[in-house]
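Structure first, commentary second.
The values are calculated or read from the model by the stated rules, or taken from the named source; none is laboratory data. Since the model is a prediction, treat every value here as computed from it, not as a measurement. Backbone-built Cβ (ideal geometry, glycine too); neighbour counts: all protein chains shown. For accessibility, only protein heavy atoms count, side chains too; no ligands or nucleic acids. Shrake-Rupley method; radii C 1.70, N 1.55, O 1.52, S 1.80 Å.
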Number of protein chains: 2
Amino acid sequence: MRNQLSYPAGEQNKVHRLADKRAAYDLETVHSIMNQSLVFHVSFQPDAQDAFPSTIPMLGALGNFDYPSAGLNEPQDAYIHGYISARMTNLARKAMDDGLPGLPVCLSVAKVDGLVLSLSAFTHSCNYRSAVLFGHASLVTDESEKLWALEMLTNKIIPGRWDQVRQPPNKTELVQTQVLRVRVTSGSAKVRAGPPADDKEDVQNAEVMAKVWSGYIPLVERMGEPIPSAYNKLVEVPENVRDLQEEFNKEADAYNEKLVKQVEEDVISWGTI
Amino acid sequence: MRNQLSYPAGEQNKVHRLADKRAAYDLETVHSIMNQSLVFHVSFQPDAQDAFPSTIPMLGALGNFDYPSAGLNEPQDAYIHGYISARMTNLARKAMDDGLPGLPVCLSVAKVDGLVLSLSAFTHSCNYRSAVLFGHASLVTDESEKLWALEMLTNKIIPGRWDQVRQPPNKTELVQTQVLRVRVTSGSAKVRAGPPADDKEDVQNAEVMAKVWSGYIPLVERMGEPIPSAYNKLVEVPENVRDLQEEFNKEADAYNEKLVKQVEEDVISWGTI
């Protein structure tokens, strides 16, 4: 039952264009795309008067402190790490003084998976996976939640890393490091995953077909060989770092192979125009 | 002289944390980082009342219609392509009715270049290149500017592509396709490019050094072999597509090699903590 949970499509999160083919609102899809990205583009409104939003890319991960074993198909908060400016802290505090649960933010991620080259410039496209979440951001003040969030963020990026590094954190580290928690209220995803899709008239036009190459150029991000620092003393790269590299590349290659196969076979599937 | 142009650092675009090491305001750096990204995260404020910004990832490129040969070290507008919703169109029109030069937007891009693993969880970091631009967005209504922008956007993604595809565009294509121009008013960039940077106490702690692997994991995005569509009739992949793949990968590899070399040699350079 739980894997059916979806964000209701409303004015804020609704995908308008090609929604039937590319939009997704189920928590599993939206949360998975968010969590595949190391960085969330965090947008907020610094000043209601001047109307310019401000965007800061920050490290982020989804988590549920009250129910840490919750899956990505279940409700999640977004935890954001990085330098939390005095401006953001003050805005979050002000929002809470105004009776809101925090500073209203929009979190956005996008991965371009490849370039789609078709017969007309106007049908060119990209394969991509993108998602947004909306919610209220506030500073995590509870010490146990903060430590839990830092461990969760560290291990999201490098599984098992928290237990490998120097422990415990020192006082300066804990005081200087802040974490934002975003109580998520809505979200959506948009995905394109398919071959070029040309107009019939172009495909049936022998002159155009004889002149224009159509196809796909994959854009794949892979992890390179781990490089020891100049002062590193350990001879072996830890197994979890090796595993991370292997898993990351296996997933990236598998997703790309699926896309390439669709291009070669021209299978028009979900997500494709 | 022109390569000295910079965006003045103000409240809106100022980089606060580690600004001396990571911030850049010169047009060349900011514009180059923006233009390396296919997708801009476009944020705007849909409703002054509810305070939630909205972010949409859209294809973007910098250009200067009045002075098309302007370099990236010179003033540039941002052109954004994709589905321009009725909401955005109406907001831009409303902003102009209110006497603004368009809808206030923030454009954000970020590329994570690798994971920086150090001795303490709190000194872990990423190498990255990020940039933001602020400006006023409005629909391009002049037909010649619109065609110019579509050609420029197409050729930014695949150099030389515009002249290869079916020409001319048909009426439906031109009517259905809209382009946003953002008159840029400010911007900044933030870059980290360096090895792990640990606290002296940790590096001098033999127990920590014997236990913790420190180093760097590169994250490199490369273009794969171009895949012909199932209906493509051209035997050869066009030379410009081959060149694009080669150039893209050469640049990605060269940038990564520079970072890896810094890790191996522990050269603490600009941009590094």
inquiry  = For the range B:95-111, which positions are surrounded by fewer than 19 Cβ atoms within 10 Å (Cβ to Cβ) and part of a loop (DSSP other than H, G, I, E, B)?
reply    = B:ASP98, B:GLY99, B:LEU100, B:PRO101
task = Considering only the range A:68-86, state which residues are of a type in the set (Phe, Trp, Tyr) and modelled with pLDDT under 95.
result = A:TYR83
inquiry  = If I go through the range B:210-247 residue by residue, how many of them are assigned to a loop (DSSP other than H, G, I, E, B), in contact with a strand residue (DSSP E or B) (Cβ under 8 Å, 6 or more places away or on another chain) and more than 7 Å from chain A (Cβ to nearest Cβ)?
reply    = 1
request  = Find all pairs meeting these conditions: Cβ atoms under 6 angstrom apart; at least six residues apart or on different chains; first residue within the range B:120-132 and more than 7 Å from chain A (Cβ to nearest Cβ); second residue at pLDDT 95 or above and not in a strand (DSSP E or B).
outcome  = B:ASN127/B:LEU259; B:ARG129/B:ILE33; B:ALA131/B:VAL30; B:ALA131/B:ILE33; B:ALA131/B:MET34
Subset of the range B:163-183 (residues that are touching a Leu at 6+ places or on another chain (Cβ under 9 Å), open to solvent by 30 Å² or more (accessible area, probe 1.4 Å) and among the aliphatic types (A, V, I, L, M)) = B:LEU174
inquiry  = Just to verify a result, which residue in the range B:15-50, among those that are among the hydrophobic types (A, V, I, L, M, F, W, C) and open to solvent by 30 Å² or more (accessible area, probe 1.4 Å), is farthest from the other protein chains (Cβ to nearest Cβ)?
reply    = B:ALA19
query = Right, B:VAL165: of a type outside the set (S, T, N, Q) and either facing another protein chain (nearest Cβ under 7 Å) or without any contact (Cβ under 8 Å) to a residue 60 or more places away in the chain (or both) or not?
reply = yes
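Residue by residue, here is whether (1) among the aromatic types (Phe, Trp, Tyr); (2) buried (at least 20 other Cβ atoms within 10 Å of the Cβ); (3) more than 8 Å from chain A (Cβ to nearest Cβ) holds:
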{"position": "B:PHE52", "(1), (2), (3)": "yes, yes, no"}
{"position": "B:TYR83", "(1), (2), (3)": "yes, no, no"}
{"position": "B:THR89", "(1), (2), (3)": "no, no, yes"}
{"position": "B:ARG93", "(1), (2), (3)": "no, no, yes"}
{"position": "B:ASP113", "(1), (2), (3)": "no, yes, yes"}
query = Out of (1) of a type outside the set (Gly, Ala, Ser); (2) farther than 30 Å from A:GLY160 by Cβ; (3) assigned to a helix (DSSP H, G or I), the odd one out for A:LYS250 is which?
reply = (2)
inquiry  = Quick check on my filter: what residues within the range B:205-238 are open to solvent by 10 Å² or more (accessible area, probe 1.4 Å), more than 30 Å from B:TRP162 (Cβ to Cβ) and of a type in the set (A, V, I, L, M)?
reply    = B:ALA206, B:VAL208, B:MET209, B:ALA210
ask   = Do we find a residue being within 30 Å of B:ARG17 (Cα to Cα), touching a Lys or Arg at 6+ places or on another chain (Cβ under 8 Å) and either assigned to a strand (DSSP E or B) or among the aromatic types (Phe, Trp, Tyr) (or both) anywhere in the range A:160-176?
value = no
key: Residues of the range A:54-73 satisfying the condition of being more than 30 Å from B:MET34 (Cβ to Cβ), open to solvent by 20 Å² or more (accessible area, probe 1.4 Å) and either in contact (Cβ under 8 Å) with a residue 24 or more places away in the chain or of a type outside the set (Ser, Thr, Tyr) (or both)   = A:ASN64, A:PHE65, A:ASP66, A:PRO68, A:GLY71, A:LEU72, A:ASN73
